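Structure first, then comments.
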């Protein structure tokens, strides 16, 4: 039976009188009535600020836990889908974000599905750092009664593909747990792997819990937010209201400010969320592919039951600007080039190749007799790109603003584009862009508006902070706002300069510290400014300030992290270990949030 | 003063002797500019905040502030520059400014495009080269100009020494300049006292120019205080004093006008300094501090009366001015090429179109002057017609100098048509905040067209004085051009005609607010008439006057011509 957990098995947050009151109310209710009450309560709870941990509602032995760690929202989305399927199948399940998971419950866990992404060079998502450290540590309990399956998410264009998923899968086995299914590894075209994995997970859950085939709907205890009409699979065609370069004519890069209309979409967003953009590959690039491969763009090509002209496959359906290991290997086979094949076997050379080449560079360098159908099959599906939203709907209404750095560069003597930025750059006013909202619960302004916020956003990493400052000013938030911004040149690349000046005048922004790396003799970055103002920064944090970092993950986020540890050590009088632990604690509490890529 | 004083007066009074919050503004990293109030005070330190107006609208759309930069103007009395100074100014132009040096109509250098964080090191370097930028702009006595060509007699040297002394002694005394730019000790307590200027300085800028007849290259009648050196038998006897000249006016406001200075009388060299200081002091006390556009000395004179002004001056001096001595000016242009001085040294005047020293293609003028500065043992003189004189060259060095000049395309003075040789243009767009139309950037194309027109009428060799100004404020002294264009709007100018070629008669509006086609169409028949009807040696402006093309009536604002 699916029983409600006895009061004793959970640490109750209720005072004695409230607990007694609740007990009286619940006494004598039938199980389906109890479930209704539980679901109703959960729905009410979801409207207010969420507590750090949610009580498990079904006995660990009798339910499935779907646990996820997500940076950009993909793992969360897959976990939500699984939880919904479990719910629809009448199986008791709970959906828990990794940082909301109570670590001591792990020992009692019986059925666990884990969806976890790997960032950049093998990093975990920020919300899973604490849990992963715990599982990896010697404190982790033996788990002989646990049955589990892990879905790792990653991007095969990085060498450490799905490293965190692999690590968790191996470690759980090492702790004595039993796999319900082998580790699955999903690439950026994640549905290719995630959809079958979800279906299999559902079957395993059914088998394990021996649920009746037909059952009453069992609402999830953590309510999964109801989805808008438009989502990832059903994007909204947003009208371009403005598309404006916001760096000077002398800037070495192009950065665009794009304003889109969400009017009539039913979509809404909160500061910190991202906008998903479904790009189309640049027509010039598609043309280059067709010419290089001597293929006919008009030719109909069938794949997975769909038939489209090749040019449309390449423009709308296939990834042409990101090189993945899979395509590189396929191309090595088709080209039958010994040098390429050999290079791909060496992990270092492979990594360098994936970092520096787009697929077309391989086509040019290693000619290969691709036929259209094989090409479509070998290429990954095109995936949407996520942009941190640069506006607050409190200020811009049903518009959404983006800050887009255009990827457009010369390499190997040829011009290269990024799919989404080229698509956006080429979008004139009144053009249509397929979009959806990707919520980012890990990157939220403090619920307590009186808290100070410190925002570190060099380059286009400043985007969400434009939204933050708009939101905080419009809603009359009492806390102070401190922004660190950096870029190459003051005169050319000071994104939203006039707006920040105005925000300072109006008191919407309280401090602005700048680092322009190419203006002086020495290169100055935001982390240098953090250190310069370390004492004050530490005082803000000690006073409860929330800290946000957005932008480059490879260098900036690490350098900023290191600077923060140094600041805590110097100004908090902590050892380096304690300073690191202090920062990890901030991360765990959600007071140090990162949106890095 | 009963009416409310102008905002500028409030800013000066509150500035603690020109400090304001300039130092704080320089440190503000969020903007490349400084506040409006500090911008007004910054002028007294020799700098204007400007922005690239070509980019203004584009950057507004880019959510970027205007491309602010600073123009910096040196104070070089008499336009004298040593080779060592030249090399330093050249370096500043290349390293800190936009790669050009601009010779101004006030005989000094301007650097353009200096961004905020480079302003302080640039000023410090100018100071280290024993020059300054203080009071190169602002409501003070500006750089004192003096006839450039050190040709004739011993008297020239003495006259220049007077110009330098006036420039030094009439400069502000505030330590603000040292504090802000040279890391001087910051002010503690009450600011120092300015004995001449007080806390609000002058009502408006004040220009002093010294001319040594027969050359009027400084346009002595365009100065607030004009000094006409009177030499007899090579000995400097003293100066005729002329007051109330000024070029500035405002379109559509007949209460503003250009005016030539009124000659008040003669003083001896010993009386000169006291007289100059007293003229400045009367203007300080009598000048209009309510309306800045009526604040120049010329309006003080016209409102109070020249005789009253002279009486007040003599009262303060305690002596009467002598009657003005006779003098005669031949022209107000420069004399190009080599000229031998009284001491056997040689002076080479080079033509620098619009005073802009830059390296452009074959024309490597900036580098050429640097090479000259490296090779040359004498000095350089900047002229009020935006040219440069390589001065005090021993005869045997001339060949070496000529070789450098030729190698860098600086010998254009040999080939230029007459009208190009004498043309003067202000800076205007894109940096000048006041410009309504192009000037410097348009001059070459305009000159080509006017030259073609002159050639059509067989007038290619006619020395006609052409001046173009982007606005009516008159930095290129356009009201003294035989032909002058004064900017009204993009591509549109007032066409003014009929000045003489010696800086003693103002021109008149001939066509108002017209474009290039209309300007050329208006000039065409006038050139035809001039070619056919001119008398021997008659200038174009004089011809237009005699033929009745422009109003011949004497203007009360133009002093009667004084001849020997």
### Task
Using Cα pairs closer than 8 Å and at least 6 residues apart in sequence, work out the relative contact order for chain B, in percent.
13
#### Entry: Gain in span if fully extended, residue B:292 to residue B:524, counting 0.36 nm per residue against the direct Cα distance
79.6 nm
### Query
Say R0 is 25 Å: what FRET efficiency, to the nearest 0.05, do residue B:28 and residue A:429 get from their beta-carbon distance?
0.10
### For the range B:469-555: rounded, prolate or oblate by the Cα gyration tensor [a/c cutoff 1.5]
oblate
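With both partners inside the range A:329-488, how many of the DSSP beta bridges are antiparallel, as a percent to the nearest 5?
55
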#### Entry: residue A:518 paired with residue B:319, simple spin-label distance in nm, labels 7 Å along Cα-to-beta-carbon
6.6
## Note on the structure
Checked chain B with the C-alpha gyration tensor, a ≥ b ≥ c its square-rooted eigenvalues, rounded below a/c of 1.5, otherwise prolate if a/b is larger than b/c and oblate if not; verdict rounded
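For chain A, what is the convex hull volume of its Cα atoms per residue in Å³? Numbers along the way, then the final one.
Values: hull volume 107.9 nm³, N = 597.
Once divided by residue count, the hull of chain A is 181 Å³.
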### Query
Percent antiparallel among DSSP beta bridges with both residues in the protein assembly as shown, to the nearest 5?
60
### Query
Using a basic spin-label model with each label point 7 Å from the Cα along Cα→Cβ, how many nm lie between residue B:375 and residue B:164?
2.6
#### Entry: chain A, relative contact order in percent, only Cα pairs under 8 angstrom and at least six apart counted
13
### Message
As a test of the formula, what do you get for chain A when each DSSP H run with n ≥ 4 contributes -39,500 (n - 2.57) and the sum is divided by the residue count, at 222 nm and rounded to the nearest 500 deg cm²/dmol?
### Response
-11000 deg cm²/dmol
### Query
Can you give the FRET efficiency for residue A:250 and residue A:203, using 1/(1 + (r/R0)^6), R0 = 41 Å, r = Cβ-Cβ distance, to the nearest 0.05?
0.10
### Message
Kirkwood hydrodynamic radius, the range B:388-534, all distinct C-alpha pairs: what's the number in Å?
### Response
16.4
### Query
What fraction of the Cα pairs in the protein assembly as shown, stated in percent, has a spacing above 61 angstrom?
34
### Message
Binning at 10 angstrom from zero up to the longest distance, how are the C-alpha pair distances of the range A:54-170 distributed in percent?
### Response
14, 48, 31, 6, 0
### Message
Full-extension gain between residue A:136 and residue A:237, please, as 0.36 nm times their residue separation minus the C-alpha to C-alpha distance.
### Response
31.9 nm
### Task
Any chance you could run the full-extension gain for residue B:448 through residue B:194? It's 0.36 nm times the residue separation minus the Cα-Cα distance, nm to one decimal.
86.4 nm
### Query
Once every DSSP H run of n ≥ 4 in chain B is given -39500 (n - 2.57) and the sum is divided by its residues, what mean residue ellipticity at 222 nm do you get, rounded to the nearest 500 deg cm²/dmol?
-9500 deg cm²/dmol
### Message
Need one number: nm distance between label points at residue A:296 and residue A:489, each 7 Å from Cα along Cα→Cβ, rounded to one decimal.
### Response
5.0
### Task
Within the range B:426-455, find all residues whose amide N lies under 15 Å from a label point positioned 7 Å from the Cα of residue B:515 along Cα-to-beta-carbon.
B:438
### Summary
Taking R0 as 30 Å and r as the Cβ-Cβ distance between residue B:402 and residue B:98, the FRET efficiency 1/(1 + (r/R0)^6), rounded to the nearest 0.05, comes to 0.55
### Query
Of all DSSP beta bridges in the range B:134-266, what percent run antiparallel (nearest 5)?
65
## Note on the structure
The whole-number value in µm²/s of the Stokes-Einstein translational diffusion coefficient for the range B:82-127, with Rh from the Kirkwood sum over alpha carbon pairs at 25 °C and 0.890 mPa s, is 229
### Query
Between rounded, prolate and oblate, where does the range A:482-597 land on the alpha carbon gyration tensor, with a ≥ b ≥ c its root eigenvalues, rounded for a/c under 1.5, else prolate if a/b exceeds b/c?
prolate
### Query
Based on the Kirkwood radius over alpha-carbon pairs, what is the Stokes-Einstein translational diffusion coefficient of the range B:182-268 at 25 °C with 0.890 mPa s viscosity, in µm²/s?
156
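Each reported figure results from applying straightforward, stated rules to the coordinates on display, with no laboratory input. As the structure is a prediction and not an experimental result, all values here were calculated from the model. FYI the Cβ positions are ideal-geometry reconstructions off the backbone, even for glycines, and counts take in every protein chain you see.
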